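Data first, discussion second: the structure below is written as C-alpha cells.
The values are calculated or read from the model by the stated rules, or taken from the named source; none is laboratory data. Small disclaimer: the values here were computed from a predicted structure and weren't measured. A quick note on method: Cβ atoms are made from the backbone with ideal geometry, for glycine too, and the neighbour counts reach across all protein chains shown. Remember, those area values only see protein heavy atoms, side chains included, never the ligands or the DNA or RNA. Shrake-Rupley method; radii C 1.70, N 1.55, O 1.52, S 1.80 Å.
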Amino acid sequence: MNIQTLLGNLPVLSVTGAVDKEITLLTADSRQAGEGAMFVAVRGVTVDGHSFIPSLRGKGVAAMVVDTMPDNPEEYPGTTFIVVENTSVALGHLASRWYGEPSKKLRLVGVTGTNGKTTTATLIYEMARLCGYKAGLLSTVVNYIDTEAVHATQTTPDALTINALLARMVEKGCTYAAMEVSSHAAHQHRIAGLTFAGGVFTNLTRDHLDYHKTVQAYLQAKKSFFDGLTTEAFALTNADDRNGEVMLQNTPAHRYTYSLRTMADFRGRVLENHLDGTLMEFNGSEVNVLFTGRFNAYNLTAVFGTSLLLGWPLQTVLLNMSRLVPVAGRFQTFHAPDRRVTAIVDYAHTPDAVVNVLTAIREVVGTSGKIITVVGAGGNRDKGKRPIMAKEAAKASDRVIITSDNPRFEEPQDIINDMLAGLDKEDMQKTISIADRREAIKTACLLAQPGDVILVAGKGHENYQEIKGVKHHFDDKEELNKVFNG
C-alpha cells in the first residue's frame, strides 16, 4: 500500500522523505522490519520501540513512524520519517487502513468491565449466530471467525492482530462481532482506529492495580473506551453499578441502561434459582436460562439489551436467551456420581467475583449443604487483593482451602501467606492451606458430603499453571473429573 494512502486522515506532525513509496509490511516489531517495511516505534510498558531504530540502519526500511525524530536521520537514506503525537494511537489507525478498515464492515460491539466481559461478549457472539448471522468473537478464552476457533493469547490483542482477525471475519462473511475490551487495551490504545457499533459496561471493582496503580486510573481507562464511541454507536451501562453512570458522562454515543434493581431501558429479574439454571424475566417476559447467580443475570440482561439495540427481533431474542449456554470455566458445573456432591469451576479471580459466585451458590444451597471453596491468587499481580479474596471466601464458605493459582515468578507459599493475613481467628478455624493445587482439589472432594458444593475458583477455562515462567498442563475441570470418576 502507498504511504500516502496508508496514512489517510491520520494526524501527522511532520514528514521527512517521500510519501509515494509502496509499503510491503506494517509492523511494530523491529525484528520483522526490512526492505519495504513501515516500522511503528511504539512506547510499550517495558520496551520503547524507538530504542530499536539504530538496529534498522541499512535494512531498507521504507518508513518509520515515530514521536521523536532520531538525532541522525541522514544515517537512514531512503527511509521516510513520519512524526506523530502518539505512535500507539497511530498504529491502531494504520493497522485499520492496512487491513481495509474491517471494523467499518462489521457491527462490532465492545464489552468492558472488571467481571463478566468474557461471558457477555461470548453470549453476544452466540446470540448473533442463533439469530442466523455469521459472527466473530475476540475474547480471553478463544477467538472465533464464524465457527473457526483461533487460539487467544491475551484478553485484547495488539492492534495489528485485532485488525487481522476482523479482516478474516469480513472475508468469511461475518456481519457482527463482539470483543472484550480490557483496561490495558484501552490505556495502551490497542483499540485506536476501530469503529464500534456499541459498547457495554458490566461493572467495576478492584483489579489490575499492579498496572493502573489506582482505582481512579483503572476507571478512567474503562471510561476512555466510551468517550471514544461515535454518535452513531450505542453505550449500554449497568445502572446498578455506581460507576455505570460515570461511563456515560462524556460519551457521544446514544445512552442506554440495564438493571436488576431499578428502572432502566432493559430490565432483568430473577424469579427462581437453581444450580443448573434460573427462571428470569426480561422486560416483563419470562424465560428459563441455563445460568445461575445474580452476576449471570446481569450478564444476560446486558446481552438482552445489546441484542435489541442491534435490531434483532424481540421474540427471536427471547427464544434464544433460553438456548444460550455457559462459557467454559464460568460457573461450570460437575456432579459426583452417586454422591450428590456438586463442584463448580469458575474463573473468579477478584474479591468481587468470588463474592458473586459464592452468593449465587448460597442462594441455591441455603443451609441444606456446606460450601467448600478452593481459591488462590496469581503471582506478580496486585498483592492488595489477596487478603481481601481470602476474607471474602471465608465469610461466605463453610470450609476454605487456600492454594496455588499461577504463582508465576513468586513462591506459592508467599502468596498463600499474603492471603492468610486477611483472616482472623474464627476464619482460620475453617481454613487450611495446601500449596499443591491438585492436592487441594482432591482434599475438597474428600471433605464434601452429600448435598455439599465445592467451588474451585481462579483459573476457570485455563488449562495450565504458570510456574517460574513455564506453563505446565493443569486443568481444574480435569482434576475434578479424575476424583469424581476415578
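Remarks
- All positions within the range 1-45 that are of a type in the set (Val, Ile, Thr) and either more than 35 Å from the chain's Cα centre (by Cα) or open to solvent by 20 Å² or more (accessible area, probe 1.4 Å) (or both): Thr5, Val12, Val15, Thr16, Val19, Thr24, Val42, Val45
- Summed over the range 460-486, the residues that are farther than 21 Å from Thr118 by Cβ and either open to solvent by less than 20 Å² (accessible area, probe 1.4 Å) or outside any strand (DSSP E or B) (or both) give a count of 9.
- Options Asp405, Asp427, Asp418: the member that is over 27 Å from the mean Cα position of the chain (by Cα) and of a type outside the set (Phe, Trp, Tyr): Asp427
- The residue that is most open to solvent (accessible area, probe 1.4 Å), counting only those in the range 95-113 that are touching a strand residue (DSSP E or B) at 6+ places or on another chain (Cβ under 6 Å) and of a type in the set (A, V, I, L, M, F, W, C), is Trp98.
- Pairs, first open to solvent by 10 Å² or more (accessible area, probe 1.4 Å) in the range 369-396, second aromatic (Phe, Trp, Tyr), C-beta under 8 Å, six or more apart: Asn380/Phe409
- Selection from the range 242-258 of residues that are in contact with a Lys or Arg (Cβ under 9 Å, 6 or more places away or on another chain) and open to solvent by less than 60 Å² (accessible area, probe 1.4 Å): Asn243, Val246, Met247, Leu248, Thr251, Tyr258
- Whichever residue in the range 435-459 is in a loop (DSSP other than H, G, I, E, B) and under 29 Å from the mean Cα position of the chain (by Cα) and, among such residues, is surrounded by the fewest Cβ atoms within 10 Å (Cβ to Cβ): Asp436
- Single residue of the range 130-142 satisfying the filter (assigned to a strand (DSSP E or B) and modelled with pLDDT of 95 or more) that is nearest to Thr316 (Cα to Cα): Ala135
- Among the residues listed as Met280, Met247, Met263, the single one being within 20 Å of Leu300 (Cα to Cα) and part of a helix (DSSP H, G or I): Met247
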